[in-house]
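Report on the following structure.
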Amino acid sequence: MIHGHITAWVLAVILFVVALFLIKGGKAKGAKIVQMILRVLYLLIIATGVMMLTQVYNIDLMYILKAAVGIWVIGLFEMIISRTANNKKTNVFWIQFAIAFALVLYLGFSLPMSFMNP
Ligand code: HEM
């Protein structure tokens, strides 16, 4: 499950960057397609995350934070893509993204199921 989770979010990060490049390169149609695939990945990230949560005996604050920040990151993917597509300012969202992404990696890797905690 954890591998599915990691695969899904790594792919999502890659496609997020691809979508931004497509938008910047004026390829709106290509970007739309990538965005559709991204949305399927969001569902997979959430589904694998929730499945892991069901395996946890006592869900403490760290897990709740992990899930909340994970959803925050997904929201930011969407916000940044749509604002870039509409030529709106994204600075505030990139700042949030840097914070949220660092936080979600920290929380993910410090929680016990992580492969970094054998
Ligand atoms: C883009 C969003 C997300 C990213 C980048 C992310 C990243 C990660 C990372 C790096 C790990 C640790 C993997 C490992 O070390 O083996 C992890 C584990 C986990 N994630 Fe996520 N995640 C995201 C979204 C979510 C969401 C939305 C949920 C819940 C609904 C969630 C729930 C979990 C759970 C329960 C674990 C296992 C924690 C443990 O070790 O006990 N994640 N995630």
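A short reminder: the numbers here are calculations on the coordinates, not readings from a lab. Bear in mind that the values here come from a model prediction, so they are computed numbers and not experimental data. Because the Cβ atoms are built from the backbone with ideal geometry, glycine has one as well, and the counts that use them run over all protein chains shown.
Values computed for the structure shown
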item	result
Cβ-Cβ FRET estimate between V56 and T7, R0 fixed at 22 Å, reported to 0.05	0.60
Exceeding the 21 Å Cα-Cα cut-off - candidates K27/K89; K27/K88; K32/K88	none
Span per principal axis, largest first, for the Cα atoms of the chain (Å)	48, 25, 20
Crossing angle, helix 91-110 versus the chain [Cα axis fit, 0-90 degrees, rounded to tens]	30 degrees
Cα lying deepest toward the dipole's positive end in the chain, options N86, I14, F97, charges on Cβ	N86
Charge tally in the Cβ shell below 15 Å around V13, where Lys, Arg are +1 and Asp, Glu are -1, V13 excluded	0
Trypsin sites (Lys or Arg not before Pro) lying in DSSP loop within segment 1-107, provided at most 11 other Cβ fall within 10 Å	K88, K89
Euclidean distance of C-alpha centroids, segment 18-67 and segment 90-105, integer Å	15 Å
Estimated distance in nm for a label pair at V18 and K32, the labels positioned 7 Å out from Cα along Cα-to-Cβ	1.8 nm
Point-charge dipole on Cβ atoms (K/R +1, D/E -1) for the chain, about Cα centre, debye to 20	640 debye
Environment charge of I37, counting only residues whose C-beta is closer than 14 Å and scoring Lys/Arg +1, Asp/Glu -1	+2
DSSP-assigned coil residues among chymotrypsin sites (Phe, Trp or Tyr not before Pro) in segment 35-76, each with at most 14 further Cβ atoms within 10 Å	Y57
